[in-house]
Every structure is written in structure tokens, then in C-alpha cells.
Amino acid sequence: MSNPLERVSRFVKQYDPAIEPLIFQEKLNTTEEAAQALGVEAGQIAKSILFRCSDRYGLFVAAGDVRIHPKRVKKCLEGGQPKMASPEDGFA
């Protein structure tokens, strides 16, 4: 089985073969760190956050300078207290 980066790369290349993933040696924990590493403003990048509500999951993508509101996440995932998914949830 391939690793997650290979799977995402294969998926994206179906739509645009010219797109290559950017891989950083250092861990980028925040939107600001990612934007700085790329030399752009936070609003010029997209962030994706996987949320969990009970047994439901949702991947939310937003501009780097946009706050993802928990009430909207809760509504999209139909209730429960939304939390960011973690490796303990089976996602690494």
C-alpha cells in the first residue's frame, strides 16, 4: 500500500499532471509558519482541518487567514461537540 502523500499526489495528477506537492523538512504547525515558508501571506494559502463529531468526520478547507467556526462545523456534521481529529482517531 502506498503512503498518504503518494495517494494524494496520484489523485491530484488525474486532474492536473503539472501539480507537484511541496514537501518541507521542518514541521509547519500553523498557517503563519506555512505562509512564511512559502514566502506568501496567510490568505494566499489553503488550510485543511479534519474535524470529528461523535462518529462523523468532515474535512474543512479554508483560506489560511479565515477562521473555521465550531458552530458551522457542528451544523455540517449534524450535532455533537466538534474536535480536531487526531492520530488516536486513526488518522496520521
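Accessible area per residue (1.4 Å probe, heavy atoms of protein chains only) ranks C53, C76 as C76, C53, with the largest value leading. Taking all protein chains together, V73, V61 sort by accessible area into V61, V73, largest first [probe 1.4 Å].
Restricting the trypsin sites (Lys or Arg not before Pro) of segment 1-83 to loop positions (DSSP other than H, G, I, E, B) with no more than 15 neighbouring Cβ atoms within 10 Å leaves K27, R67.
Basic side chains Lys and Arg get +1 at the Cβ, acidic Asp and Glu get -1 at the Cβ, and with that the dipole of the chain about its Cα centre reaches some 500 debye.
Of the chymotrypsin sites (Phe, Trp or Tyr not before Pro) found in segment 1-84, those that fall in a DSSP loop while having at most 14 other beta-carbon atoms within 10 Å are Y15, F24. Charge tally around A42: other residues with Cβ under 11 Å, Lys/Arg +1 each, Asp/Glu -1 each, net -3.
A Förster distance of 22 Å, applied to the separation of the beta-carbon atoms of I19 and V61, puts the FRET efficiency at 0.90. Projected over all directions and averaged, the alpha-carbon convex hull of segment 1-51 occupies 5.0 nm². Remark on A85: its backbone amide H falls under 5 Å from those of L50, F51, R52, a criterion applied only to residues 5 or more positions apart or on other chains, H modelled at 1.01 Å from N. Among residues other than E6 with Cβ under 13 Å from its Cβ, the summed charge is +2 (Lys and Arg +1, Asp and Glu -1). The mean sequence distance of close C-alpha pairs (under 8 Å, at least 6 residues apart), as a share of the length of the chain, puts its relative contact order at 19 percent. The chain has equivalent-ellipsoid semi-axes of 25, 19, 13 Å, by the square roots of 5 times the alpha carbon gyration tensor eigenvalues, sorted largest first.
Here the Karplus relation 6.51 cos²θ - 1.76 cosθ + 1.60, evaluated at θ = phi - 60°, turns the backbone of segment 51-59 into coupling constants of 10, 10, 10, 6, 9, 10, 10, x, 9 Hz, with x for every Gly and Pro.
For segment 1-80, GluC sites (Glu not before Pro) meeting the loop criterion (DSSP other than H, G, I, E, B) and having at most 14 other Cβ atoms within 10 Å: E26, E41, E78.
In order along segment 12-19, the phi-based Karplus estimate (6.51 cos²θ - 1.76 cosθ + 1.60, θ = phi - 60°) of 3J(HN,Hα) comes to 5, 5, 4, 9, 8, x, 7, 6 Hz; Gly and Pro are listed as x. Among the listed pairs K13/K75; K13/K47; K13/K83; K27/K83, a Cα-Cα separation exceeding 27 Å is found for K13/K75; K13/K83.
The values are calculated or read from the model by the stated rules, or taken from the named source; none is laboratory data. Remember, it's a predicted structure, so these values are computed and weren't measured experimentally. No Cβ is skipped: glycine too gets one built from the backbone with ideal geometry, and neighbour counts run over all protein chains shown. Each accessible area value is taken on the protein alone, full model and side chains, heavy atoms only, with ligands, DNA and RNA left out. Shrake-Rupley method; radii C 1.70, N 1.55, O 1.52, S 1.80 Å.
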